[in-house]
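Student: Pasting in a structure now, in structure tokens, and then I'll have a few things to ask.
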């Protein structure tokens, strides 16, 4: 098991670099004016969705860290809560 840790870290680093390059390219397109952001006049519900997503993702991380809080093993429900939280953050529509 200890031999696979460096491989996992390398894969995570590669994924992070790819995501950073994609975000940089999208930012460059926005600066060039090729991509326009939608105009959102009432941002209140989107901030609420962002805050709920952050709370859900942080609570999932807490359940993963201290796995014996709600029962014998909470990693399954923590994974589901984390996915829902990250989805809420991603779909909030705020920069």
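The values are calculated or read from the model by the stated rules, or taken from the named source; none is laboratory data. Predicted model only: the values in this text are computed from it and were never measured. Positions of Cβ are generated from backbone atoms using ideal geometry, with glycine treated the same way; all protein chains shown enter the neighbour counts.
Student: Do we find that residue 13 is in the same structural domain as residue 92 (by TED's automatic domain parsing) and modelled with pLDDT of 80 or more in this structure? Steps first, answer last, please.
Tutor: Working: in the same structural domain as residue 92 (by TED's automatic domain parsing): no; modelled with pLDDT of 80 or more: yes.
In short, no.
Student: For the range 31-41, which residues satisfy the criterion of being closer than 19 Å to residue 92 by Cα and modelled with pLDDT of 65 or more?
Tutor: The one that is closer than 19 Å to residue 92 by Cα and modelled with pLDDT of 65 or more: 41.
Student: Suppose we keep only residues that are surrounded by fewer than 13 Cβ atoms within 10 Å (Cβ to Cβ) and assigned to a loop (DSSP other than H, G, I, E, B) within the range 77-95. Which one would you say is modelled with the lowest pLDDT? Can you show your working first?
Tutor: First pass over the range 77-95, keeping only residues surrounded by fewer than 13 Cβ atoms within 10 Å (Cβ to Cβ): 80, 90-91, 94-95.
Narrowing the set further to residues that are assigned to a loop (DSSP other than H, G, I, E, B) leaves 91, 94-95.
Values: 91: 86, 94: 63, 95: 60.
The residue in question is 95.
Student: If you don't mind, there's one more thing I want to ask. I need every pair where a residue in the range 11-25 that is within 18 Å of residue 90 (Cβ to Cβ) has its Cβ under 9 Å from the Cβ of a residue that is surrounded by 10 or more Cβ atoms within 10 Å (Cβ to Cβ) and modelled with pLDDT under 80, sequence separation at least 6 or different chains.
Tutor: none
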